[in-house]
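These notes are about the structure you will find just below.
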Amino acid sequence: MLDPLVAATATELAERLRRREITSVDVVEAHLDRIDEVDSTVNAIPVRRAREAILADAAQLDALSQPAGPLHGLPVAVKDLEDVAGLPTSSGSTVTSTRPARTSGLIASRLQAAGAVIIGKTNTPEFGTGSHTFNPVHGLTRNPWELSRSAGGSSGGAAVALATRMVPIADGSDLGGSLRNPAAFNNIVGLRPSIGRVPLADPTTHRLARLSVQGPMGRTVGDVALVLSALAGPDRRDPLALTDDPSSFASTLPTTMSATVGWIGDINGAFACDDAPMALARAAADVATDAGGELVELGVVLPGAEQIFRVVRGLGFRQLAADIPADRHHELKDTIRENMAYGLALTVDDIMEMERLRVGLRETVTELFDRVDVLALPTTQVLPFPADLEFPTEVAGQAMPDYLGWMMSCCVITATECPAISIPAGFHDGLPAGLQLVCRPGADRELLEVAAAMEAARPHHHLTPEL
C-alpha cells in the first residue's frame, strides 16, 4: 500500500506543509523511499543527489519561520536537458561534458526559489529528440502501465516519475509534444504554455525559430498550475517573456465551466490516428457537457502547420549541428543526424515561405477562437508502442514518412503558438491515452480552468500503475 505522503497530490501536500501538519523531511523521505522501491524497474530518475544532502535541504526548509514559496518542501527531479548546480547535464548524449554544472539554470533556480527540493535529474532522449525516452548514457525509461511499452518523450522520465509517485511535481520541455505526449502515455497532465510564459534565460533566437517552450507536469491540473506559478514570470534576458503575475496560476481552479469546446478530431486528415486513442479522446471531450460547458463539432484546417513546424524545428537542428564538433556527429543517433542534414539544407526561400504561412495560420487561429473557447483533439495518434521500436512506422494502416509522422497531432498544434494541455482520457487494454485541449495564445489560465473542470467531471489521477 502506498505511503499517504506519496499518494497525495502536490496541492494537498503543499497545503499540509503550509499548515505545518507535516514536514518537508517527512515528504522528501517518503518519496526517496519510493524511488528506492521502484526506479530500478522503470529508470526514470537515473541521476540523483546524495540522500543526506537532499534531506539536509529539506531540514533547512523546515527550520524557516515562513514557507519559502508555493512549492515549499516538495521534492522534484529536473529534466536532464537543464542545468542543476553540482550535477552533470548529459542531455542523454555521449558528446556532452560529464562535468557537473557550476550553476543552475532558470528552471532549477525558480523551482528552488519556490521552495522545492531537487533530488536529481529525469531521463530524456538524446538532446530531447523524439517522443521515446532512451539514450546511450542512461538507457531506456519504461512505461509503468506496461513495462514493455514506451514511456513517450522527451519528458518521459518526468512523466514516469509522476505516474509511479516518485515525485509530486515535475518540469519538462515541449517542441513537438514533449510535455503532452508522455503525459498521455502515462495518465498524467502536461502543459505546453504560451511562448514566453516560462522565459528562457539564454534564448538563441528572438522570434524566427522560437517554438520550443518549458513547462510543468503533474498528476492533476491543479498540480500543474501550482508548478506554473513558480516557473512563470518575466525575465529581462528574454524579450518574449510574458509579464502577467504568475501568482494568478496558484489560485483555486473551478470544478465547473461554461466554455464552448470545439472538437476537431484529426483536423480534416492532417494526421493518421489509430481507433483507440481517437475514441478515448472523443469520449473524454464529451465530458465538457458534464462539466457545464458545450461541445461542438468543427471542420477545421490548419493551413501550412506541418511545414511551419518542420522548418522551425530544422533551424534548431541547424544550430545543434554547429554547436557539436563535426568529428563527433557520428556518435549521435541517426534521427538527430537526419534532422541536422535537413536543417543545413534549408534555404532563405524556405524560411521566407514558412514566415508567410505563419502569418496565415495565425489569422486562421484567431478566427477559430472567435467561434469557440477551446479546441479538443487526441494528444497522441497511437497508444504506448513497444519499447524496442524507436518510433511507430505505421499508424492506422498508413506508412509514416519519417519519425515525426506519428507525432503530428501535437506538432501541428505547436505551429499555432497556442498553449495546449494533455489530460488523461482513459485506458484501452490497460494502456493510457490523452485528450489535448488548446486555447488562444496567452490564455493559459483559461485553459487550466477548462481542463480542471473536465478533470473534476471524470477524474483519473487516483489510478496508480501496479509495478
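Screening V117 on (1) closer than 30 Å to K333 by Cβ; (2) under 22 Å from the mean Cα position of the chain (by Cα) shows it passes everything except condition (1). Taking each residue of the stretch 277-299 that is on the phi > 0 side of the Ramachandran plot and looking for partners that are at pLDDT 95 or above with beta-carbon atoms closer than 6 Å, six or more apart or interchain, yields G292/T256; G292/M257; G292/S258. Sort out which residues of the stretch 299-323 are surrounded by fewer than 17 Cβ atoms within 10 Å (Cβ to Cβ) and over 24 Å from the mean Cα position of the chain (by Cα), and write them in order of number. Listed by number, the residues that qualify are G299, V301, P303, A322, D323. Could you please let me know if T414 is under 22 Å from P125 (Cα atoms), surrounded by fewer than 24 Cβ atoms within 10 Å (Cβ to Cβ), out of contact with any strand residue (DSSP E or B) (no Cβ under 6 Å at 6 or more places or on another chain) and not hydrophobic (A, V, I, L, M, F, W, C)? Answer is no for this residue. For the stretch 112-148, taking the residues that are among the β-branched types (V, I, T) and not in a loop (DSSP other than H, G, I, E, B), the one that is nearest to M217 (Cα to Cα) is identified as T122. Mind checking whether some residue in the stretch 82-94 is in contact with a Leu (Cβ under 6 Å, 6 or more places away or on another chain), under 27 Å from T9 (Cβ atoms) and surrounded by fewer than 24 Cβ atoms within 10 Å (Cβ to Cβ)? The answer is no, given that none of the residues of the stretch 82-94 is in contact with a Leu (Cβ under 6 Å, 6 or more places away or on another chain), under 27 Å from T9 (Cβ atoms) and surrounded by fewer than 24 Cβ atoms within 10 Å (Cβ to Cβ). Taking the criterion of being without any contact (Cβ under 8 Å) to a residue 40 or more places away in the chain and within 25 Å of the chain's Cα centre (by Cα), the only residue of the stretch 40-62 that qualifies is S40.
Results for (1) out of contact with any helix residue (DSSP H, G or I) (no Cβ under 8 Å at 6 or more places or on another chain); (2) surrounded by 21 or more Cβ atoms within 10 Å (Cβ to Cβ), shown as yes or no for each residue.
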site	(1), (2)
L253	no, yes
T256	no, no
V261	no, yes
A279	yes, no
A283	yes, no
T289	yes, no
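For the stretch 373-395, the count of residues that are closer than 25 Å to Q214 by Cβ, crowded, with 23+ Cβ neighbours inside 10 Å and out of contact with any strand residue (DSSP E or B) (no Cβ under 7 Å at 6 or more places or on another chain) is zero. Checking S91, S109, S65 one by one, the residue that is in a loop (DSSP other than H, G, I, E, B) and within 20 Å of the chain's Cα centre (by Cα) is S91 and no other.
Exactly one residue among I35, I22, I45, I54 is in contact with a strand residue (DSSP E or B) (Cβ under 8 Å, 6 or more places away or on another chain), in a loop (DSSP other than H, G, I, E, B) and hydrophobic (A, V, I, L, M, F, W, C), and that residue is I45. Residues of the stretch 425-467 being under 16 Å from S248 (Cβ atoms) and buried (at least 19 other Cβ atoms within 10 Å of the Cβ), which ones? Hits for the stretch 425-467 are C439, D444, L447, L448, E449, V450, A451, A452. Consider the stretch 422-459 and keep the residues that are assigned to a loop (DSSP other than H, G, I, E, B) and either polar (S, T, N, Q) or in contact with a helix residue (DSSP H, G or I) (Cβ under 9 Å, 6 or more places away or on another chain) (or both). The one that is nearest to S148 (Cα to Cα) is D429. Picking from residues in the stretch 161-184 that are of a type in the set (A, V, I, L, M, F, W, C) and more than 19 Å from A452 (Cα to Cα), the one that is surrounded by the fewest Cβ atoms within 10 Å (Cβ to Cβ) is L175.
The values are calculated or read from the model by the stated rules, or taken from the named source; none is laboratory data. Just so it is clear, the model here is predicted, and its values are computed rather than measured. Methodologically, a virtual Cβ is constructed for each residue, glycine included, from the backbone with ideal geometry; neighbour enumeration extends over all protein chains shown.
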